[in-house]
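Structure record follows, encoded as structure tokens.
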Amino acid sequence: MSDYCNKDGATRLRNTIVEFWKKKGFDVDIELVNEGFVSTMRSARTDLRSDMINGMPQRVGMEAA
């Protein structure tokens with residue numbers, strides 16, 4: 001099972017999401033946000049923040065426009 005909460009896992013997840021939408025002609029912007037140590041997880045956490053709304057991209061890629 002992959003850990004998507006650490007920096008490596010979050011980076012892989014980000015790249016997967018960006019490539020998925022790029023193949024469909026959309027341009028999404030996703031940044032990694034280091035949230036630091038989380039006591040309930042007993043580890044540091046990295047979150048993803050995107051410009052998508054309800055999981056859907058808002059910008060059509062430049063090549064598709």
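Odds and ends about this structure:
- Whenever a residue of the stretch 37-61 is open to solvent by 70 Å² or more (accessible area, probe 1.4 Å), its partners that are of a type in the set (Gly, Ala, Ser), lying with C-beta atoms within less than 6 angstrom and at least six residues away or across chains, give the pairs Phe37/Ala44.
- The set of residues in the stretch 18-36 that are more than 17 Å from Ile53 (Cα to Cα) and either in contact with a Phe, Trp or Tyr (Cβ under 8 Å, 6 or more places away or on another chain) or open to solvent by 100 Å² or more (accessible area, probe 1.4 Å) (or both) comprises Lys23, Asn34.
- Close pairs from the stretch 13-25: first under 20 Å from Arg45 (Cβ atoms), partner open to solvent by 100 Å² or more (accessible area, probe 1.4 Å) and not charged (D, E, K, R), Cβ under 9 Å, at least 6 apart: Leu13/Tyr4
- The sole residue among Met62, Met41, Met1 that is touching an Asp or Glu at 6+ places or on another chain (Cβ under 8 Å) and modelled with pLDDT under 90 is Met62.
The values are calculated or read from the model by the stated rules, or taken from the named source; none is laboratory data. Note that the structure is a prediction, hence the values are computed from the model and not measured. All Cβ positions, even for glycine, are placed from backbone atoms using ideal geometry, and neighbour counts span all protein chains on display. Just the protein is used for accessible areas: all its heavy atoms, side chains included, with ligands, DNA and RNA removed. Shrake-Rupley method; radii C 1.70, N 1.55, O 1.52, S 1.80 Å.
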